[in-house]
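Here the structure is laid out as structure tokens; the discussion comes afterwards.
The values are calculated or read from the model by the stated rules, or taken from the named source; none is laboratory data. Model, not experiment: these values are computed from the prediction. Positions of Cβ are generated from backbone atoms using ideal geometry, with glycine treated the same way; all protein chains shown enter the neighbour counts. Just the protein is used for accessible areas: all its heavy atoms, side chains included, with ligands, DNA and RNA removed. Shrake-Rupley method; radii C 1.70, N 1.55, O 1.52, S 1.80 Å.
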Amino acid sequence: MTTATATAVRRTPRRRPRAGGGQRRAPYLFLAPFLVLFAVFTMAPIVLAVYSSFFQTKRSGLGFGGEGEVVFAGLDNYVRALSNDGFVAGFGRVLGYGVVQVPVMLGLALVLALLFDTALVRWKPFFQLSVFMPYAVPSVVAALIWGFLYQPRVSPIVEGLRSVGWDVSFLSPDVVLWSLANVAVWSVTGVNMVILFSALQSVPREIYEAARIDGASELRTALSIKIPMIMPSLTLTFLFSIIGTMQLFNEPMTMRAVTSNISGDYTPNMAIFQATTLGGDVNLGSAMAVVLGLVIFVLSLVVQGVSRRRNGADR
């Protein structure tokens, strides 16, 4: 009798304790700090910029009539932004800059990551740290260093090239954009190399062993296995590079101190800075910032769409 009772007790399904109100609210409590910070420091500035872009400050007389009156302006600020030759020219400038700088930088990062992933390179930690080290240098400091190296009268690079008969000016109007691209390549190749190298480390080594057994060379393995396997990471670095290119600001702003061939509206971000601070027109600067954000958003969608289509075709 005692045994049958014990068996019946064991067979009785246990009821799971229902989650209390505290347990149901726990995920939201953990997310609350992030949501608050996201709303205050990410969404609120965007909403404020969009709101400000639809207003203008009207001042009477010659601009000495007090603080002025804020009036609704509709799309006038956007019309003024798109009619600003310097602002529009800045887009063409950074797009041309990105067409050259991004493939060169990602190509170097990919080649270095593939080299470090092979057994051919010794002292890998030393060389990886050497390549990554420029990323630890602030962009302003990097621009100052390269600004010194570009100076015709003090640069050892310019003097060395001149001694072999090549008289080049890195700060001339036709070359200064590519001198800026060189600073960016020097600064960010290392961090992209680290991302791609980390992606290569996640590829199962059995695939490489199978390729070697089939007689594939290192180059064939890299082209047919490694690069396709890390394509999502390559797309991610490409997307971040495009966003960084469109937001180019620190390097040209710092290099203005060493050359007059970089105008105050050389890039879209510099045009926004000029309109907002030097021009004192926050509403126009907000409209420019919204236009810049939309361009970056569209480019990001295009890159993601092409990537998804390519991944779908590969499958």
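When 46, 230, 213 are compared by accessible area of protein heavy atoms, the largest-first order is 213, 46, 230, using a 1.4 Å probe.
Once you have a ≥ b ≥ c as the square roots of the Cα gyration tensor eigenvalues for region 232-315, tell me rounded if a/c is under 1.5, and otherwise prolate or oblate according to whether a/b is larger than b/c. Taking the square roots of the gyration eigenvalues as a ≥ b ≥ c, region 232-315 is oblate.
Using R0 = 30 Å, the C-beta based FRET efficiency linking residue 136 and residue 59 works out to 0.05. Residue 99 contributes an accessible area of around 110 Å² to the protein surface, as traced by a 1.4 Å probe with all chains present.
Solvent-accessible area of residue 241, all protein chains in place: 20 Å² (probe radius 1.4 Å, heavy atoms, ligands and nucleic acids excluded). Note on the chain: helix-only mean residue ellipticity at 222 nm, from DSSP H runs of 4+ residues weighted -39500 (n - 2.57) and normalised by residue number, equals -21000 deg cm²/dmol. In the context of the full set of protein chains, the chain has a per residue accessible area of 63 Å² (1.4 Å probe). Under the combined filter of DSSP loop state and at most 16 neighbouring Cβ atoms within 10 Å, region 129-231 retains these trypsin sites (Lys or Arg not before Pro): 153. Long hydrophobic helices in the chain, taken as whole DSSP H segments with a C-alpha length of 30 Å or more on their own axis and mean Kyte-Doolittle hydropathy at least 1.0: 85-116, 176-201, 282-314. Taking a ≥ b ≥ c as the square roots of the eigenvalues of the alpha-carbon gyration tensor, region 163-315 is classed oblate because a/c is 1.5 or more while a/b is no larger than b/c. Accessible surface for residue 85 stands near 130 Å², nearest 10, in the context of the full protein assembly shown (1.4 Å probe).
Is region 145-246 rounded, prolate or oblate when judged by the Cα gyration tensor, a ≥ b ≥ c being the square roots of its eigenvalues, rounded requiring a/c under 1.5 and prolate requiring a/b larger than b/c? Here region 145-246 falls in the prolate category. With 20 Å bins beginning at zero, the pair-distance distribution over Cα atoms of the chain amounts to 22, 43, 25, 7, 2, 0 %. Among 38, 240, 87, the order of accessible area from largest down is 240, 38, 87, computed with a 1.4 Å probe on protein heavy atoms.
Expressed as a whole percent, the accessible surface of the chain that belongs to carbon and sulfur atoms is 66, based on a 1.4 Å probe. Scattering from region 231-278 was approximated by placing one identical point on each alpha carbon and applying the Debye formula without solvent; log10 I(q)/I(0) at 0.21 1/Å stands at -0.72. Report relative contact order for the chain in percent, whole number only (criteria: Cα-Cα under 8 Å, sequence separation at least 6). Reported as a whole number, the value is 25 percent.
For region 70-143 versus region 180-253, the spacing of their alpha-carbon centroids is 15 Å. Loop-located chymotrypsin sites (Phe, Trp or Tyr not before Pro) in region 153-196 (DSSP state not H, G, I, E or B) with no more than 14 neighbouring Cβ atoms inside 10 Å: 166.
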